[in-house]
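Chemist: Encoded as structure tokens, here's the structure I'll be asking about.
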Amino acid sequence: MHAYLDESIRAREYILCAVLVSESTVAAVRQSLRGQLRGRQSRLHMAKESNETKKRLIAHVSGLNEIAAVVTITSSGRSDREARDDCLSAITAHLMGFDVRRIVVESCDQDLRDRQIVGDALAAVGRVARVEIVHHRASDEPLLWLPDIVAWAFGKSAAWKSRISRIQIHEIRI
């Protein structure tokens, strides 16, 4: 399995989502997502889409039988970095139950710290040498659009969350 990670920050919650894609379906799911681009778009990002497009994207992703998700949620009240660290650590440990061999995190100005947190979590369960950790920009890796879509719907409202109910989601509150 490969895991693709992205966050969604709400007023009261920090949400980190990992979407799991089996190695054998990575290419097909990637192609399917690229087919959702419109016009000159280089990537999908829920914060920039219309409600109709959001509904279409969620329906498309919910129809993918090849995926599952793990969502970690922590309440705010501390820095986003502290919340991210806690969520990264918890989600990494949980992903090992799915025999994840590759963790792809959306690249940002926190890559080194993210790599340290994921590496420490892997070391704690004895999996450092067996899991590849990489960072990519969402414009370069369409599979990073999946956790953006799932995390956005999950954290937005009950009505939006119900639209992703066909996806098997493991929820971890920390």
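Chemist: Quick one: residue 37 ticks every box in (1) farther than 19 Å from residue 7 by Cα; (2) within 18 Å of the chain's Cα centre (by Cα) except a single one, so which number is it?
Modeler: Unmet for residue 37, out of (1) farther than 19 Å from residue 7 by Cα; (2) within 18 Å of the chain's Cα centre (by Cα): (2).
Chemist: Only one residue in 102, 81, 115 is in contact with a His (Cβ under 6 Å, 6 or more places away or on another chain) and among the basic types (Lys, Arg). Which one?
Modeler: So the residue among 102, 81, 115 that is in contact with a His (Cβ under 6 Å, 6 or more places away or on another chain) and among the basic types (Lys, Arg) is 102.
Chemist: Within region 1-50, how many residues turn out to be surrounded by fewer than 12 Cβ atoms within 10 Å (Cβ to Cβ) and farther than 19 Å from residue 66 by Cα?
Modeler: Selection size over region 1-50: 9.
Chemist: Mind listing whichever residues of region 97-111 are β-branched (Val, Ile, Thr) and assigned to a loop (DSSP other than H, G, I, E, B)?
Modeler: Result: 100, single match.
Chemist: Within region 50-96, how many residues are in a helix (DSSP H, G or I) and under 18 Å from residue 120 (Cβ atoms)?
Modeler: The qualifying residues number 16.
Chemist: Quick one: in region 112-142, which of the residues that are assigned to a helix (DSSP H, G or I) and of a type in the set (Lys, Arg) is surrounded by the most Cβ atoms within 10 Å (Cβ to Cβ)?
Modeler: Checked region 112-142; the qualifying residue surrounded by the most Cβ atoms within 10 Å (Cβ to Cβ) is 115.
Chemist: Another question, then. Can you say whether residue 48 is under 20 Å from residue 141 (Cα atoms) and among the charged types (D, E, K, R), as far as the supplied structure shows?
Modeler: yes
Chemist: Looking at region 95-111, which of its residues are surrounded by 15 or more Cβ atoms within 10 Å (Cβ to Cβ) and either under 13 Å from residue 132 (Cβ atoms) or at pLDDT 95 or above (or both)?
Modeler: Of everything in region 95-111, those that are surrounded by 15 or more Cβ atoms within 10 Å (Cβ to Cβ) and either under 13 Å from residue 132 (Cβ atoms) or at pLDDT 95 or above (or both) turn out to be 95, 100, 102, 103, 104, 105.
The values are calculated or read from the model by the stated rules, or taken from the named source; none is laboratory data. Every value quoted in this text rests on a predicted model; they were computed, and no experiment measured them. No Cβ is skipped: glycine too gets one built from the backbone with ideal geometry, and neighbour counts run over all protein chains shown.
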